[in-house]
Structures are given as structure tokens and as C-alpha cells.
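Peer 1: First the structure, then my questions, so here it is.
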């Protein structure tokens, strides 16, 4: 049935973090609280299989905050993938109080916002660090063209009159931005929860994201709790007109490789 990212998430409730390796296969994560206290969480897995996850923000601090750089430096050195998930309990997120928009669209804006913060503000400095973003990164496949069109890294060489304006994809390529963008983008994996097992979302994702970077997930038990629905989702992926190797990667090989499981 494959391995999903559902069981890999640990939501750190505070942003100021310290990480140490005890040399025994355990990993201790210490989060310092503003009141002087601390929360410690010990990860004990076989060998070097550590799994670490965060919310998109905590106490107003985003993942591209400079205060997290020492933490990411340590995580990168230990080759620990970081799983990112949007808030799950906040009501009225980004004003989405009506029609349950805080669940349907506000949460997805929150995670794609975090995706762009990591892409632009974290990965250029930590080029051995991998992230796993939930829910296809909040709709990254559908917005990929727009994300590339507005991609403007520092010292990019883009003509001054083009800064602050969208570019055509041809301009994106002509200015030499594509190679750098793809390199950073390939440091990110995307889990496939968040759309209720909708196969058209999988097809859309495969148009913009390599099969090597897609990881099967269901958000069990919140989004998908019935065994029949899970089976239907897996069978839908198996029926896709893509190479069998790609299906195997999506349904477990990618996440096993990433987490050395």
C-alpha cells in the first residue's frame, strides 16, 4: 500500500529551537519558551531515521526568520528532512470565517506562502536541506507558472525596469533564472494530501513536479478515514498512464529514500 507522510509530522509549538545528537540514535529537540521554560522532544528511530516537522509559523515567527538559521544549519548537517504543515485548528485563518474557507482555501494560502518563504529565504543558504510540504505545497502545481514569473532572487541580473513586474516564461529562461530556480525547487518534496484523493489533482501535479518529488499522503484520519476511500485513491494512482517506476516512487519509494526508512 506504500508509505505516506501522515505519521511523520511533529508540530513544534514554539520557534526558538536547539537540536543535539546524543550519539545513540536518539535526537533531542529543545524548544525554548518565552517565559523561560522549555519543551523537549526526543525522536528515537532505527539507525539514523529521524523525522521532524513544523507548522508554517509559530507565535508570529516564519520559517525564513534569521533566528532559525542556527537550527537549520544543524538540521542540514544531520541531513534531516523537515515536514511542513499548515495550522489545523485556527478558526478564521486569513479571514476565512465564512463558508469554512479557513479549511478550504485559507489554509492552502498559508502553506504556499510558507513554501515561497522557504524557497526564497531558506534554501539559497542551506542547499543540502530538504523540505516536505503538505497539500502539494498549497496548490504549487496550479500556480507554478506565476511563481516562476515573479521569481526575482537578489543579484539576479534582471533589468532594473523588470524588477517588481511579472516576466514571461521565456524571459525567466533568458535571464538565467530557470537553472537556479529548479535547483532550489528540487530540494522540496510535496505530499499528496489535501484534495480528498482527487485524481485530477495528481495529474495536474505530475505536469509541474517530478514524480521523484511527490509523496503519497491522506491526512488520515481528518481528511480520509474510510478504508474504501484510501483504496480508491491508491488504485486511482495505479491506473495513471505513467511509468510503473513513477507509481512506485509516489506510493512509497520517495519517502523511504528521503527518510532512509
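What follows is calculated from the coordinates using simple rules that are stated; it is not laboratory data. Since we're looking at a predicted model, the values are computed, not measured. All Cβ positions, even for glycine, are placed from backbone atoms using ideal geometry, and neighbour counts span all protein chains on display.
Peer 1: Hey, could you pull the Cα Rg and Dmax for region 157-224, both in Å?
Peer 2: 16.5, 50
Peer 1: Highest mean first, what order results for 182-191, 110-119 on Cβ atoms within 10 Å?
Peer 2: My ranking of the peptides, most packed first, is 110-119, 182-191.
Peer 1: Continuing with the same structure: Report, as a whole number in µm² per second, the diffusion coefficient that Stokes-Einstein gives for region 103-240 at 20 °C and 1.002 mPa s using the Kirkwood radius over alpha carbon pairs.
Peer 2: Answer from the Stokes-Einstein relation: 132 µm²/s.
Peer 1: Would you kindly compute the Cα radius of gyration of region 84-183 and its largest Cα-Cα separation (Dmax), both in Å?
Peer 2: That works out to 15.6, 44 Å for Rg and Dmax.
Peer 1: Measuring from centroid to centroid over Cα atoms, what is the spacing of region 215-261 and region 163-200 in Å?
Peer 2: 22
Peer 1: Taking R0 as 45 Å, what's the FRET efficiency between residue 77 and residue 174 from their Cβ-Cβ distance, rounded to 0.05?
Peer 2: Efficiency for this residue pair is about 0.80.
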